[in-house]
1. What are the ³J(HN,Hα) couplings of the range 212-218, residue after residue, when phi is run through the Karplus curve with 6.51, -1.76, 1.60 and θ = phi - 60°? Round to Hz, x for glycine and proline.
2. Got a sec to turn the phi values of the range 118-124 into Karplus ³J(HN,Hα) couplings, 6.51 cos²θ - 1.76 cosθ + 1.60 with θ = phi - 60°, whole Hz, x for Gly and Pro?
3. For a Förster distance of 35 Å, can you work out the FRET efficiency between the beta-carbons of residue 154 and residue 80, rounded to the nearest 0.05?
4. For a quick check of your reading of the filter: which chymotrypsin sites (Phe, Trp or Tyr not before Pro) in the range 34-112 sit in a DSSP loop and have no more than 15 other Cβ atoms within 10 Å?
Amino acid sequence: MDTGVTTENGLIGEFVREFVGVVPTELLASINAAIEAARHEWQPPDGRRASATARQFADALRLHDAFSAMEAQVCAAARLWVGQTLAREATDAPVHVLRCVGPHMAAQSYLRHFDSHVLTVLIPLQRAPDGEQNGDLIVHVRRNEPLAPLMHLFSKTWLFFEHGLPFGLRRAIVNSGFGMRHCRRIRCEPGNAYVFNGFVTLHHNLHVADGERRSLIIHHYDAGLEARLRTMVRAVRHFRDRLAGYS
Ligand SMILES: [Fe+2]
C-alpha cells in the first residue's frame, strides 16, 4: 500500500490535500482541554459529539487567518466542482462533526464509505499512538462516478451491508488484497488540515488499538444525490403505476 499525500495544486478531487500548520498550537491545546473537561458528561458509543460543540471549535479556528484562507480556498474550488459536475449552485451550510474514537469502538473502524457531501475538511486534534492500528485515514483510489446515481445506489447498498458485518469479517474484507493495493494511508498530523472530495473518494479509518483519535470534520455542500435517487424512485413508481393502469 502506498503512503503519503498528494501535493498537487489541482482542483479538489485528487485524493487528499494537506495544509500544513493552519491550526495554531495553542488553539489545538485548548480544544483538547475542552474535550477532556467534558469527557464524563457524554460518551456516545460511536464517539460522535454534539455538532454545536464541533461548530464552536470550527468557529474558533475560523478566527485565524491561515485556517480561514485555507477554508475559503477549498470551498471556492468545491463550489466550482459542484457547478461544473453536478450543474447546480452550492449554497448549503456546512455540517460539523467531532469524533473521539478509542479501542472500545471497533464498530467505528473499517467502515468504507463515500460522504454525501462534496468537500470534507478533516482537522486532526489528537493522534492515537503510532502502530499498525492507530486509526489512520485510508483513502481508496477507486472513485465514485458523480453522475451515476444507480452505481452510487449499488455501492451504498453493498457498503450498508458491509457495515453490518462483525468487526473481524469487515476488517478481513476491507484488508483483502485487491482493496488495499489501491489505497493511500494518510498520516494525519494535528496542526494540519486534510481536504478531499469525500463524495467521489471511498475512505475509511483503521481501528484504534490504543489511546484516542480525535478529529473535527467539516462537511461542505451536500451533493444532493440521495434526493435525486428519491426522485428517480418516484419516477419509476409512477411509470410502473401508469403501466398497470392506475393513473
Ligand atoms: Fe467520511
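1. Per residue, the Karplus-derived 3J(HN,Hα) values read 8, 9, 10, 9, 9, 10, 10 Hz.
2. 7, 10, 10, 10, 9, 10, x
3. Numbers: r = 28 Å, r/R0 = 0.81.
That gives a FRET efficiency of 0.80.
4. Working: sites: 42, 57, 67, 81, 110; in loops: 42, 110.
Those satisfying the criteria are 42.
Bear in mind that the values in this text are calculations on the coordinates, not laboratory data. From a predicted model like this one, the values you see are computed outputs, not experimental measurements. Neighbour counts run over all protein chains shown; Cβ positions are idealised from the backbone, glycine included.
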